[in-house]
Amino acid sequence: MAVDWLKQAVSQSEKLYPYIPGKPITQMLRELGLSEAEIAAKVSSTIKLASNENPYGMPPKALTAMVDAAGEAHRYPDGDCFELKQTLAKKHGITPEQLLIGNGSNEVLELIIRTFAGVGDEVIYSQRGFIVYALASTAAGATGVAVPESDGFTHDLNAILDVVSDNTKVVCIANPNNPTGSLLKTSELQIFLDKLPSHIIVILDEAYVEYVEDILEDSIHGLNHDGLIVCRTFSKAYGLAGLRVGYAVAKKDILAVVNRFREPFNVNGLAQAAALAALDDHDWVMEKVQQTKAERTRLESALSELRCLAAPSFANFVLFQHEQASVLVQALEQEGVIVRPLAPYGMPDILRVSVGTTSENDAFLAALSKVLP
Ligand SMILES: Cc1ncc(COP(=O)(O)O)c(C=O)c1O
């Protein structure tokens, strides 16, 4: 008799499912039933606006540094990310011991949750929060507690406080939030943190912080809570999604414990070199952030005119609404544009489109106008 491997696996496996990412271009074209030759011909004209990547590419200095680093790829990387930590520590006015670098902020989130929450513990997050919080909590054997947003889009901090119990170990809050795009003020977060016991770990996930730096106080120095861990990434504004680098900032004693769970060489050498150089290309990064924000405003107005804008966004994506959202996804794919369905986040009638370049956004809007019934 065939072995039931799910039964052999740890019990929480039954509640887990693989993360569904934004659809890669070649996968979408394969699903349309195209031949290999047709796929090759269509790849460059197909537009992926489904994973909130930087549409302008990576900072030029990062590309050069990565290519230079490739010659050393036969060696293990620096497992402690010494240089990257030194530079990030200077940038944030902290010590290198207050940093933990990961294979994307995704790994950092998983490490933190696995370190502090296990069987019998609870991890709280918003119902429409980043899905990885739920997956990582379940994988760790902990119980996830999902709290509905106040207006469908904004974290309800009072409702989160209401479900805090003796079993609560971790609270996860993304600001700006993905996928809803909402933003909490630093003052609102501090009022919330003041009401929370100091031993509870709060993951403040700032994957999209570069898009609000001009309107949000720096949380690394502006917020006060013993268990606060601020997470950042090089995947969005810094344009290094494919290289996988993210980091956490917290008290050194907290990160020393998390570091016990980290695998030896979790951040590869090309990624370390590129991240270091990207920090040195700050002007390029901020110029692209400005362009993205201008394009976001343009997309929001156009979606408003089409009467389908779902909510204002503070990040590099916009939500739009349609009662036949899943049909729209397929129709847009036929037109060569991939967007992100939010049904897995409990929003079956909402789609998320990442802000692309001007020409990508034009193509998306043209395709949308064409396929809207
Ligand atoms: C809120 C949020 N946190 C974390 C991540 C993970 O990013 P990465 O692992 O690429 O750093 C994402 C990616 O979409 C995100 O939206």
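Key figures for this structure:
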read-out: Difference of contour (0.36 nm per residue) and Cα-Cα distance, A40 to E263; value: 76.5 nm
read-out: Antiparallel content of DSSP bridges confined to the chain, in %, to 5; value: 45 percent
read-out: T186-N158 pseudo-label distance in nm [points 7 Å out on the Cα-to-Cβ vector]; value: 2.5 nm
read-out: Beta bridges per DSSP with both ends in region 60-280, % antiparallel, nearest 5; value: 30 percent
read-out: D121 long-range amide H proximity, modeled H, under 5 Å; value: T143
read-out: Table column - 3J(HN,Hα) (Hz), region 322-332, Karplus curve with 6.51, -1.76, 1.60, x for Gly and Pro; value: 7, 5, 10, 4, 5, 5, 4, 4, 5, 5, 5
read-out: Shape of region 214-279, Cα gyration tensor, a/c cut at 1.5; value: oblate
read-out: 5 angstrom amide H check on V355, placed H, neighbours 5+ away; value: F317, V318
read-out: Whole-Hz ³J(HN,Hα) from phi, Karplus 6.51 cos²θ - 1.76 cosθ + 1.60, for region 216-231, glycine and proline x; value: 10, 5, 5, 6, 5, 10, x, 10, 10, 6, 3, x, 6, 10, 8, 10
read-out: Calculated FRET efficiency for the pair A9/H199, C-beta based, R₀ 41 Å, to 0.05; value: 0.85
read-out: Relative contact order, percent, region 60-280 [alpha-carbon distance under 8 Å, six or more residues apart]; value: 30 percent
read-out: Cβ-derived FRET efficiency at R0 41 Å, M1 paired with A89, nearest 0.05; value: 0.10
read-out: Inter-centroid distance (Cα atoms) of region 347-369 relative to region 51-99, Å; value: 31 Å
read-out: Helix-only CD estimate at 222 nm, as mean residue ellipticity for the chain, using -39500 (n - 2.57) per DSSP H run (n ≥ 4); value: -11500 deg cm²/dmol
read-out: Percent of beta bridges antiparallel (DSSP, region 193-301, rounded to nearest 5); value: 50 percent
read-out: Where a label projected 7 Å from the Cα of I215 along Cα→Cβ would reach, residues of region 326-364 with amide N under 18 Å; value: 355
read-out: Under-5 Å amide H pairs with A311, H placed in peptide plane, nonlocal only; value: L319
read-out: Cβ-Cβ FRET estimate between D280 and K251, R0 fixed at 22 Å, reported to 0.05; value: 0.20
read-out: Label point 7 Å beyond Cα of S165 along Cβ direction - residues of region 96-124 with amide nitrogen under 19 Å; value: 116-124
read-out: Shape of the chain, Cα gyration tensor, a/c cut at 1.5; value: rounded
read-out: Percent RCO, i.e. relative contact order, over the chain, from Cα pairs under 8 Å lying at least 6 residues apart; value: 23 percent
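Every read-out reported here was derived from the displayed coordinates using simple, explicitly stated rules and does not represent laboratory data. As the structure is a computational prediction, the values presented were derived from the model and not from experiment. Cβ sites come from the backbone with ideal geometry, for glycine too, and all protein chains shown count toward neighbours.
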